[in-house]
Amino acid sequence: MNTLPSPMSPMRTSLRELAKARLATMPEIDVLILGGGVNGVATLRELALNGLSCALLETNDFCAGASSASSRMAHGGLRYLEGREFGLVAESARERNRLIAHAGHLVKPLEIVVPLRNLVAGFPGSVARFLGLSNKSGPLSLAALVGALRLYEAYGRKEHPLPAHKMILRKTRFPQGLHPGTRALVTYCDGQITQPEGLMFEMIAESMSQGAKVAALNHVSWQRDGSSFQVHDVFGKEVFRITPKLVVNATGAWIDHVNAQLGGRTSYLRGVKGAHIVLNNPALSTRMDGRAFYFDDGTGRMIITLPVGRNVLVGTTEVDTSEPEDRSISEDEIGYLLRAIDGLFSDIAVTGDQIISMTTGIRPLRRSSGSATSAARDHVIQEDQFADLPVPVLSLVGGKWTTFRAFAESAGDRIFRELGRERSNSTAARQYPGAARCTPQDIIAQTGITQDVADRLVQRYGALARDVAPLCTGEGAAALAGAPDYCRGEMIWAIRARGAMRLEDLALRRSRLTFGHGLQHATLKDLAALLYQETGRSEHDLAQEIQTALRDPRLMGQRALRKELAA
């Protein structure tokens, strides 16, 4: 078996170098996957673990679209019960439990607190929405929530069940500062994905470890040439030619655009843009005490706020868009989220200058009418045969983070049937690589790094800390400027083993540098120096990337909008 080299390999073979070397020897393959989001990566894993030759191509970076702009939750979709999406809720609850069980280093149980101002009022409206008799939003009542939770928890009892919900009516047990009209609290459990991008990179590495006929490459351009695809590395001169037996379009918000490039015309997608804000508000973080709060924004729409390390993540908005490249975050979206979270605790002020970063992504939902909030979150596989492309194209439409494995499993089964192959391995109970046993003491004994660094590496990478730690010694142990919780060796490993080529690749998707006290100008300079050292990219281009990053609210939050970072 050909495995991904250790980052300490004398040849320093990187993920991208290995992928390109393999693509050069793969002129004909079983499956070509277009799109490096969570659904595409999970499908690659399904196929690789079952012996198919397959390549995944991403024109941007892995996890650069909606996959990196989620609420960082593995949840069963409690609110989807109102839309009678019972199958989706059952699947989501099952997959949530499996993630907690099999990726416990990155997916943790999360207690969610729901403050309620109504015991019964609003219940008839919930029933009407449940029966499909009304689309009008309304207040959530204790009666409606408890009834929904009983059904919700029943769906999650079969495998690795979470604790049951609790109801609190005594106000002396309420958190300080809640609205004086709060009459009840309900707490229940879902899951939190602490490093969603990390889970994707584990799947990429696991796929690549299955042999020389599996490759995943980011930052490419491609064009179709009959039944073949010409592939160019954006950061190199290499050109590859691939002829697949089947194409999977897993490009998310770009699905219809990519199908047009493949010679077809489809209208499968409804793009719904969602934004989150990341706050550095110690008082709010302390009051939340490691719990999420799910609360009414005052109009009947629910907001989720949850802890991410020392920070607080607040979301989300839902705005229809037809432009897959739309990464803007409007002042209206920012203002809406700030007003909502500022009203949660009356004695804790939340202001715009506390926003240290933001996320935005376009959910690739199935085309539908009605409001964006009520749009279905399920997934479907659409098959097409386009003119001049003599192989089937499967478009992976819809889905949500929690159900990526189940969606990929369905796609894999469909592909096996199309190609006359049999499934030999199931991922349903398969442990993710980082979930293997590993303690900080193991890492210290292996490398001699300090206790603090070992603790951080195991927390971030689980068992993969064994691969990262050797690079965090000597010069690699030095902290990044402006980010003392990260060492240079971690970023070198992210470049070599996880294919980072740009500053935002490192800051947004291989680390949480945009959290804490916020990404610093000095940190960007350090990252640019490491990219120059490891990839040979031009200093001029990297300097331009620094200036672009300083103007990007996803990386710099309100500081970018105030333009106070030029230096």
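For A216, the residues whose modelled amide H falls within less than 5 Å of its own, excluding neighbours fewer than 5 places apart on the same chain, are L56.
Grouping the Cα pair distances of region 372-503 into 10 Å bins from zero gives a pair-distance distribution of 10, 26, 21, 22, 16, 4, 0 percent in increasing distance order. Ranking L519, Q544, A529 by how far each Cα lies toward the positive end of the dipole of region 489-567 (charges on Cβ) leaves L519 at the top. Across the protein chains, with a 1.4 Å probe defining accessible surface, the residues H219, H75, H521 rank H75, H521, H219 from largest area downward.
Rg over Rh for region 30-95 works out to 1.08, using Cα positions for both radii and the Kirkwood form for Rh. As a ratio to 2.2 N^0.38 Å, the alpha-carbon radius of gyration for the chain is 0.95.
On a per residue basis, region 427-499 carries 40 Å² of accessible surface, using protein heavy atoms and a 1.4 Å probe. Taking every alpha-carbon pair in region 281-336 and binning the separations at 5 Å intervals from zero gives 4, 16, 22, 20, 18, 13, 6, 2 percent.
Annotation: amide H of Q192 within the under-5 Å range of A74, K108, L110, sequence separation 5 or more or interchain, hydrogens built in the peptide plane. Taking Cα centre as origin and charging only the Cβ of basic (Lys, Arg, +1) and acidic (Asp, Glu, -1) residues, the dipole magnitude of the chain rounds to 1420 debye.
Computed from backbone phi with θ = phi - 60° and the Karplus coefficients 6.51, -1.76 and 1.60, the 3J(HN,Hα) list for region 380-390 is 8, 9, 9, 10, 9, 10, 8, 4, 6, 10, x Hz; x is used for glycine and proline. Pairwise alpha-carbon distances in region 161-205 exceed 16 Å for 59% of all pairs. In vacuum, with every alpha carbon of region 462-511 counted as one equal point scatterer, what does the Debye formula give for log10 I(q)/I(0) at q = 0.16 Å⁻¹? Two decimals, please. The Debye formula, applied to the Cα set alone, gives -0.41.
If you sort Y532, Y294 by accessible surface, 1.4 Å probe, largest first, the order is Y532, Y294. Remark: region 80-124 carries 36 Å² of accessible area per residue (probe radius 1.4 Å; ligands, DNA and RNA excluded). For region 216-309, a Kirkwood hydrodynamic radius built from all Cα pairs, placed in the Stokes-Einstein relation at 20 °C and 1.002 mPa s, yields a translational diffusion coefficient of 119 µm²/s.
In the chain, the portion of solvent-accessible area held by carbon and sulfur atoms comes to 51 percent [1.4 Å probe, whole percent, DNA, RNA and ligands not counted]. Placing H105, H540 in order of accessible area, with the largest value first and a 1.4 Å probe, yields H540, H105. Residue by residue, region 93-104 carries 3J(HN,Hα) couplings of 4, 5, 5, 4, 5, 5, 4, 4, 6, 10, 9, x Hz when phi is fed to the Karplus relation 6.51 cos²θ - 1.76 cosθ + 1.60 (θ = phi - 60°); x denotes Gly or Pro.
Taking the Cα centre of region 144-183 as reference, the dipole from Cβ charges on Lys and Arg (+1) and Asp and Glu (-1) amounts to some 220 debye. Each residue of region 153-163 was assigned a 3J(HN,Hα) from its phi angle through the Karplus expression (A = 6.51, B = -1.76, C = 1.60, θ = phi - 60°), giving 6, 4, 5, x, 8, 6, 10, 6, x, 8, x Hz with x at Gly and Pro. Projecting the Cα atoms of P282, G398, L269 onto the charge dipole of the chain (Cβ charges, centred on the Cα centre) puts P282 farthest toward the positive pole. Measuring between their Cα centroids, region 238-293 and region 376-443 lie 16 Å from each other.
Semi-axes of the equivalent ellipsoid of region 433-554 are 26, 14, 13 Å, computed as sqrt(5λ) over the eigenvalues of the C-alpha gyration tensor in descending order.
The values are calculated or read from the model by the stated rules, or taken from the named source; none is laboratory data. Since we're looking at a predicted model, the values are computed, not measured. All Cβ positions, even for glycine, are placed from backbone atoms using ideal geometry, and neighbour counts span all protein chains on display. For the accessible areas, the whole protein counts, side chains as well, though only heavy atoms, and no ligand, DNA or RNA atoms are used. Shrake-Rupley method; radii C 1.70, N 1.55, O 1.52, S 1.80 Å.
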